[in-house]
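Chemist: Here's a structure for you.
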Amino acid sequence: MIKDYIKSANFEDTGFSYTVSLISGKHKMVILYCLMEFKVVRFNELKRYLKHISDKTLSTKLKELEADQLIIRTEYPQIPLRVEYSLSERGKSLMDVLDQLCIWGEKNKLL
């Protein structure tokens with residue numbers, strides 16, 4: 001299957017390239033992993049899990065993941081405003097891929 005991607009005349013048109021574009025960047029995979037582990041997470045909780053991330057960066061990454069339909073943003077009309085994030089069905093289907101990355105990393109970690 002990977003050979004087919006390499007042979008492709010236009011790498012950007014491959015499924016591999018598309019998948020990587022959805023999860024690329026410093027924080028997206030970690031956000032998805034947190035949502036997989038904790039199911040429903042609020043903004044400040046995510047910020048605590050990610051530690052060194054600015055509000056603006058986290059907000060941007062969440063908007064990108066929502067636009068790619070990998071997460072669901074649920075807003076509750078109350079004061080103060082409460083917003084929760086969770087994985088969409090599409091996002092859940094990506095978890096097998098991320099899980100395999102974790103397994104590979106554990107098996108191939110250089111000490």
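Chemist: Would you mind telling me which numbered condition in (1) in a loop (DSSP other than H, G, I, E, B); (2) touching a Phe, Trp or Tyr at 6+ places or on another chain (Cβ under 8 Å); (3) among the small types (Gly, Ala, Ser) Gly25 fails?
Modeler: (2)
Chemist: Look through Ile103, Ile79, Ile72, Ile23 and report the one residue that is in contact with a helix residue (DSSP H, G or I) (Cβ under 7 Å, 6 or more places away or on another chain), of a type in the set (Val, Ile, Thr) and either free of Cβ contacts under 8 Å to residues at least 12 places away in the same chain or surrounded by 12 or more Cβ atoms within 10 Å (Cβ to Cβ) (or both). If you could, list the steps in order and put the result at the bottom.
Modeler: On the way: Ile103 fails: in contact with a helix residue (DSSP H, G or I) (Cβ under 7 Å, 6 or more places away or on another chain); Ile79 fails: in contact with a helix residue (DSSP H, G or I) (Cβ under 7 Å, 6 or more places away or on another chain); Ile72 fails: in contact with a helix residue (DSSP H, G or I) (Cβ under 7 Å, 6 or more places away or on another chain).
Testing whether each residue is in contact with a helix residue (DSSP H, G or I) (Cβ under 7 Å, 6 or more places away or on another chain), of a type in the set (Val, Ile, Thr) and either free of Cβ contacts under 8 Å to residues at least 12 places away in the same chain or surrounded by 12 or more Cβ atoms within 10 Å (Cβ to Cβ) (or both) leaves just Ile23.
Chemist: Still on this structure, please answer the following. Would you call Thr60 of a type outside the set (A, V, I, L, M, F, W, C), assigned to a helix (DSSP H, G or I) and in contact (Cβ under 8 Å) with a residue 12 or more places away in the chain? Can you show your working first?
Modeler: Working: of a type outside the set (A, V, I, L, M, F, W, C): yes; assigned to a helix (DSSP H, G or I): yes; in contact (Cβ under 8 Å) with a residue 12 or more places away in the chain: no.
No: the conditions fail for Thr60.
Chemist: Among the numbered criteria (1) surrounded by fewer than 15 Cβ atoms within 10 Å (Cβ to Cβ); (2) within 12 Å of the chain's Cα centre (by Cα); (3) under 13 Å from Val30 (Cα atoms), which single criterion is violated by Arg48?
Modeler: Of everything listed in (1) surrounded by fewer than 15 Cβ atoms within 10 Å (Cβ to Cβ); (2) within 12 Å of the chain's Cα centre (by Cα); (3) under 13 Å from Val30 (Cα atoms), Arg48 misses just condition (2).
Chemist: Can you tell me how many residues within the range 65-111 are in a helix (DSSP H, G or I) and of a type outside the set (Asp, Glu)? Even if it seems obvious, please write down each step before you answer.
Modeler: Taking the range 65-111 as the starting set, the residues that turn out to be in a helix (DSSP H, G or I) are 65-67, 89-108.
Next cut, of a type outside the set (Asp, Glu) only: 65, 67, 90-95, 97-98, 100-105, 107-108.
So the answer is 18.
Chemist: Okay, next question. Would you tally the residues in the range 54-93 being modelled with pLDDT under 90 and under 13 Å from Met29 (Cβ atoms)?
Modeler: Within the range 54-93, residues that are modelled with pLDDT under 90 and under 13 Å from Met29 (Cβ atoms) number 0.
The values are calculated or read from the model by the stated rules, or taken from the named source; none is laboratory data. These numbers come from a predicted model, not from an experiment. Note that each Cβ is placed from the backbone with ideal geometry, even for glycine, and that neighbours are counted across all protein chains shown.
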